[in-house]
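A short worksheet on the structure shown next.
What follows draws every value from the coordinates through simple rules; no lab data is involved. Keep in mind the model is a prediction, meaning the values are calculated, not measured. Ideal geometry is used to build each Cβ from the backbone, glycine not excepted, and the neighbour counts take in all protein chains shown.
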Amino acid sequence: MAKPILNNKLFLYLTEFFAGMSVMAVELGASRLLAPYFSSSQIVWTIIIGTIMIAMALGNLYGGRSADRKPDPDRLYGRILVAAVWIAAIPVVGKYIILGISAVLIFAVNSNFLIWAAFAACMVIFVFPLFLLGTVTPSLAKYSVESLEDSGKTVGTLGAFNTIGSIIGTFVPTFVTIPAVGTSVTFLIFAGILLGLCIIYFVSSRICAARGGIAGSVTASVLFVLCCIMGAPGSFAFWEEDLAYEGESVYNYLQVKEDSRRVVLSTNVLFGVQSVLVKEQALTGMYYDYAMAAPLMTGKPEPGQCNVLILGMGTGTYATQCNRYFGAMDMEGVEIDGKITELARTYFQLPESVPVTTYDGRAYLNAVEEKYDVIMVDAYQDITIPFQMSSVEFFTLVKEHLAEGGVMVVNMNMRGREEGNINQYLADTIASVFGQVYTIDVQGSTNRELFASDNGAMAENLAAGLGDLENRELAEMMARVSGNLTPYQAGGYLMTDDKAPVELLGMRVIDDLIMDEVNYYKGIYEEHGIQGVLETIL
């Protein structure tokens, strides 16, 4: 029996529109759901896009065959109803699935952990609902085409509505819903749109009661409300208590933790600290302390006279430390994420007197002509290394913005053991641009600080300036840096704008770090069993 609503092609076109919009919204939501655990690198994006393409292709095949075999629109809108409920459930169970899969795979795979874990998580969480949405286009083509004479026009109109919906579904989550209300609510918003579409269809259908359409709609609505209650306020780091702040920006997941001694910013729930404020106005014990050697290396009579630019300002830890120990320096920062700058002012005591430009670091250098005594490059986090800030061309641009005798300091946060690791690539690239390069490993971490300049006396300047430091803690720290600086012996591993495989190189180091941790816990498991592992973790 024909459904009256199907006589209204506008409704079918709107179904195509909202299906396309929801697919793109879910894809972008997937990147934000995975980023706090696996990063937002090109590798993760490739996995998301590839997985979704697999789901859509299978959905297209099944949808077309199903529509030919049994052209019943109730079946299509029933599938959309199931997809809506599944998408609404992602904020409730998604993070637990990710951690559960990671916990299993971390003991099951010996390499490429991030790839396998991200791929498995995508397959489990996102393939099924997007497979269901993939059945929409071929099914609607079956219901919309009335004759061969207008088939091209009808299919073309369906495709146009799908594309327009996809465009809106691309921009709205990125620039509106995710920054305003977060990833979880974004999933719920688009699930609600699909749910509403199905309810309109079933209510408008004369025989929907016989097919269980009303009952299904009511059940789906109840489940949707439960997901709204349970999923909307969910935390990515659900095991953490008393977070000072947890939220999202256009670029990052953001988490601020505070205790009696320090305030910490992290953009990953599992590993990494991006910025820290020590409340006692002491050294941080992190790489920022080592990087403070850069002003001393310039050879200026007073390090406080240095003009400093920080690319990757974060919450301003380096600026805060330099101002504490060297006095009020002429300092400015560049940070691509304006939300981080807001957190810096609110939680990390970054004064308004330190200007921060919301911009990409390389683009900023292209836009200004000023020269600086010290340029700090601190834009690398986990494997999310911007390739455009790791190439010969970029470091040449940095060099052009250094004053005479100026020093660049780079925080490289992943020390690798293998030949040709990410830090070796970065250091070799830098050494091809600068005449002098020194490195030092940061104790108790995987960070390595690199100092580069055409100032051949920068190591001697650091040693000579130690006696002028009045703060004993700083003097001891700088003496440690001076005594452990290692001249870098360059190799031939170069990165250019055309070829900079930073994600793959970074992933290899992350794999090594993860395997080190896994081997530690495997040893505990072999000796004390699962109870020993749990006691160690808790």
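Roughly how many nanometres apart are two label points built 7 Å out from the Cα toward the Cβ at residue 498 and residue 527?
Calculated label separation equals 5.3 nm.
Looking only at the stretch 432-454, which residues have a backbone nitrogen under 19 Å from a spot 7 Å from the Cα of residue 393 in the C-beta direction?
432-434
If you average 1/r across every pair of different Cα atoms in the stretch 4-231 and take the reciprocal, what Kirkwood value do you get, in Å?
Working: mean 1/r = 0.0552 Å⁻¹.
Across the stretch 4-231, the inverse of the average 1/r is 18.1 Å.
If you average the alpha carbon positions of the stretch 48-88 and of the stretch 242-263, how far apart do those two centres end up, in angstrom?
First find each Cα centre; the distance between them is then 39 Å.
Where does helix 317-326 land angle-wise versus the long Cα axis of the chain, in degrees 0 to 90, nearest 10?
Long axis of 317-326 versus the principal axis of the chain: about 20 degrees.
Using the Karplus equation 6.51 cos²θ - 1.76 cosθ + 1.60 (θ = phi - 60°), what ³J(HN,Hα) coupling, rounded to whole Hz, does each residue of the stretch 153-170 give in order, writing x for Gly and Pro?
5, 5, 5, x, 5, 4, x, 5, 5, 4, 5, 4, x, 5, 4, 5, x, 7
Could you work out how much longer the chain between residue 175 and residue 104 gets when fully extended? Use 0.36 nm per residue separation minus the Cα distance between them, nm to one decimal. Before the final figure, lay out the partial values.
Numbers: separation 71, 0.36 × 71 = 25.56 nm, distance 3.50 nm.
Working it through step by step, the gained length comes to 22.1 nm.
Mind pulling the angle between the C-alpha long axis of helix 422-431 and the longest principal axis of the chain? Nearest 10 degrees, somewhere in 0 to 90.
Roughly 50 degrees, rounded to the nearest 10.
For the chain, what is the Kirkwood estimate of the hydrodynamic radius, computed as the reciprocal of the mean inverse distance between distinct Cα atoms, to one decimal in Å?
About 25.9 Å for the chain.
What is the calculated FRET efficiency for residue 471 to residue 445, with r their C-beta to C-beta distance and R₀ = 30 Å, to the nearest 0.05?
0.85
Can you give me the three principal axis dimensions of the stretch 282-501 from its C-alpha atoms, in Å, biggest first?
44, 38, 34
Quick one: if you stick a label point 7 Å off each Cα along the C-beta vector at residue 225 and residue 243, how many nm between them?
In this crude spin-label approximation the distance works out to 2.9 nm.
So if I place +1 on the C-beta of Lys and Arg and -1 on the C-beta of Asp and Glu, and nothing else carries charge, what would the dipole magnitude of the chain be about its Cα centre? I want it in debye, nearest 20.
With only Lys, Arg, Asp and Glu charged at Cβ, the dipole is about 2700 debye.
Using r as the Cβ-Cβ distance of residue 203 and residue 9, and R0 as 30 Å, what FRET efficiency do you calculate, to the nearest 0.05?
Computed FRET efficiency for residue 203 and residue 9: 0.95.
Please find the FRET efficiency linking residue 400 to residue 324, where r is the Cβ-Cβ separation and R0 is fixed at 45 Å, and quote it to the nearest 0.05. Could the numbers behind the result be given before it?
Details: r = 30 Å, r/R0 = 0.67.
Plugging the Cβ-Cβ distance into 1/(1 + (r/R0)^6) gives 0.90.
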